[in-house]
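Working notes for the structure below.
Every number here is computed from the coordinates shown, using simple stated rules; none is lab data. Source: prediction; values computed, not measured. No Cβ is skipped: glycine too gets one built from the backbone with ideal geometry, and neighbour counts run over all protein chains shown.
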Amino acid sequence: MMPPRTHPSAPAGESDPSRRNNLSLLTSLVHHHGVLSRAQLTRHTGLNRSTVGTLIGQLTSLGLVYETAPAGEGQVGRPSPEVHPSPSIAALAVNPEVDAVTIGLVSLGGKVQKKIRFETERIPSAREAVNIAAAVIAGMRSELDASYRITGIGMAVPGLVNRDDGVVRHAPHLGWRNEPVARMLSEATGYRCQAANDASLGAEAELIFGAGAGVGTGVGAGVGARPGNLIYLNGGASGIGGGIIADGQLLRGASGYAGELGHTFVRSGGTTCHCGAAGCLETEVSQGRLLELAGLSSGDTADLEKALGNSNSAGLSDEVARQLTYLGIALRNAVNIFNPDAIVLDGFLGTLHALAPGSLQAMLLSQAMDGPAGQAKIYRAALGSDLMMIGAAELAFTPFLADPAGLGTTAGTVPSPTSQTG
């Protein structure tokens with residue numbers, strides 16, 4: 001049963017801070033878990049049943065959630081209706097890369113409804129990436145206006161990004177410096193836009209929706225639950241990025257640049273990195289080197305994994321072992337410093353782990369400190385190719401989740417939108 005596609009006007013926001021906070025809490029729980037019963041929401045929030053019922057009624061009238069009869073049979077006692085996030089509430093996501101710009105539509109609950117990868121003949125400039133994204137979004141506009149209420153745009157960029165102002169300070173693989181991409185894309189589309197580092201967004205997405213969900217006591221596990229601690233590493237054509245979740249919160253650093261684990265020092269006398277240092281993780285652990293040895297021109301992770309798994313080349317096997325060794329050194333350092341519950345590996349790093357699933361765990365147990373090493377479990381990222389879309393969309397969902405009743409018919413837009421797609 002799907003909810004009707006209506007778009008009722010919402011109040012400008014709740015004047016009662018307590019009610020606004022409770023609406024935010026309920027909406028966030030439903031968004032992050034997908035489906036929860038009224039009984040589960042009552043247990044998670046610590047609110048009484050009548051209060052939860054009243055709040056759900058308001059969220060339903062606003063078109064933000066809908067209820068269905070409980071699934072399954074043989075339940076004891078009065079059945080509790082299940083609360084679902086409305087698929088008509090959605091965010092747009094943009095991820096520029098060295099060879100493409102990907103644009104996605106993600107509905108409440110972290111469901112990717114549409115994803116368009118626009119390949120480029122060369123590395124796109126910031127303006128070119130914005131123009132591509134704006135043109136694709138313009139082509140989707142009639143569908144968006146008819147079927148969705150858009151909370152805004154989230155942009156995941158491989159580089160140093162100031163999340164507060166959406167300025168890319170330095171994206172070395174893209175060649176971008178001091179580019180105000182959030183403002184540029186907002187002006188080009190009329191939607192509010194925020195930008196952040198892609199790996200940091202990936203870390204948050206995996207914690208909430210992916211391999212990190214339920215790690216430790218998990219996010220949203222209940223009142224008084226201990227939030228998760230997670231290290232996320234992603235490897236791809238743009239090098240290696242990382243994100244650190246500490247006590248359920250992204251570790252941002254003084255300017256939002258924390259988590260650059262690709263520049264962890266792993267080898268004395270190693271190759272000079274584009275950052276100016278020598279022996280960085282991303283110079284020693286390289287997707288490009290694996291592709292070259294495997295005889296592949298494409299950076300597709302599935303193709304690389306298949307080629308590595310079927311290869312009988314001693315040289316390729318030696319390279320995989322070498323890269324796993326240096327990755328293990330970086331993980332050992334990270335485990336000793338951050339004491340995570342989980343390490344999540346994405347991209348070709350997930351492929352390396354899959355080829356020898358016990359190797360990295362054994363390195364940690366033998367080289368890292370006993371306590372942290374015993375706690376940290378290594379997982380492969382669970383969200384696959386949808387990860388960056390889900391992570392970027394979460395950036396756009398955040399203001400909405402803080403005040404869901406404030407989502408009006410103009411939510412996610414900026415005043416007097418202009419078109420700058422040319």
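The table below lists the values:
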quantity	calculated
Over the chain: helical MRE at 222 nm, DSSP H runs n ≥ 4 each giving -39500 (n - 2.57), nearest 500	-12500 deg cm²/dmol
Cα centroid separation - segment 15-69 against segment 86-101, whole Å	27 Å
Between helix 387-402 and the chain: long-axis angle, C-alpha atoms, 0 to 90°, nearest 10	40 degrees
Rg over Rh [alpha-carbon atoms, Kirkwood Rh] for segment 219-382	0.98
Label point distance in nm, Thr54-Lys111, each placed 7 Å from Cα along Cα→Cβ	3.1 nm
Alpha-carbon centroid distance for the pair segment 168-200 / segment 103-132, whole angstrom	13 Å
Value of relative contact order over the chain, rounded to a whole percent, pairs C-alpha under 8 Å and six or more apart	20 percent
For segment 19-69, alpha-carbon Rg over 2.2 N^0.38 Å	0.98
Share antiparallel - DSSP beta bridges, the chain, percent rounded to 5	65 percent
Ellipsoid semi-axes in whole angstrom, largest first, where each is sqrt(5λ) of the Cα gyration tensor of the chain	37, 27, 19
Charge sum, other residues only, whose C-beta stays under 10 Å from Arg289's C-beta, Lys/Arg counted +1 and Asp/Glu -1	-2
Reach of Lys377 by Cα under 13 Å, taken over aspartates and glutamates that are not fewer than 8 positions away in the same chain	Asp341
Proximal lysines relative to Lys306, as straight alpha-carbon distance under 19 Å, when same-chain residues fewer than 8 apart are discounted	none
Environment charge at Arg380 (Cβ cut-off 15 Å; Lys +1, Arg +1, Asp -1, Glu -1)	-3
Cα-based reach from Lys111 at 13 Å (exclusive), listing aspartates and glutamates while leaving out same-chain residues under 8 positions away	Asp386, Glu394
